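The values are calculated or read from the model by the stated rules, or taken from the named source; none is laboratory data. Worth saying up front: this structure is predicted, and the values here are computed from it rather than measured. When we count neighbours, we look across all protein chains shown, and the Cβ atoms used for this are built from the backbone with ideal geometry, even at glycine. The protein model used for the area step is the full one, side chains on, heavy atoms only, and it has no ligands, DNA or RNA in it. Shrake-Rupley method; radii C 1.70, N 1.55, O 1.52, S 1.80 Å.
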Amino acid sequence: MDNWKFMDLCKNVVVDYYNNHAEVTDEYHITVDNVYVVWCCKTLQNNKALLSTTVPDGMYYECTYNGDKKELYLDVYKKWENQCIKEVC
């Protein structure tokens, strides 16, 4: 699958996931315009992308396309914390 088609597919999957799993009280309903690709890679017949949304919920989405099986996998993560560790070496 080419990268543009893959990224469009991923954005739609994230929109569907979010709109079906968000808390009703959050009052957010997103479209593909609220989803952005942070990183994307294609290796042989496989694709991987990391995505996020404009919703301030700290969620992160990873889409992996297995070209051999023609399957898309979605992993959903929550960012808990961001720390700066200075001069570790």
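Residue-wise test of (1) within 10 Å of the chain's Cα centre (by Cα); (2) modelled with pLDDT of 95 or more; (3) open to solvent by less than 40 Å² (accessible area, probe 1.4 Å).
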| residue | (1), (2), (3) |
| --- | --- |
| Gln45 | no, no, no |
| Gly58 | no, no, yes |
| Cys63 | yes, yes, yes |
| Ile85 | no, no, no |
Among residues of the stretch 6-43 being β-branched (Val, Ile, Thr) and either in contact with a Phe, Trp or Tyr (Cβ under 9 Å, 6 or more places away or on another chain) or assigned to a strand (DSSP E or B) (or both), the residue surrounded by the fewest Cβ atoms within 10 Å (Cβ to Cβ) is Thr43
Taking Lys69, is it open to solvent by 40 Å² or more (accessible area, probe 1.4 Å), out of contact with any Asp or Glu (no Cβ under 8 Å at 6 or more places or on another chain), in contact (Cβ under 8 Å) with a residue 40 or more places away in the chain and among the charged types (D, E, K, R)?
no
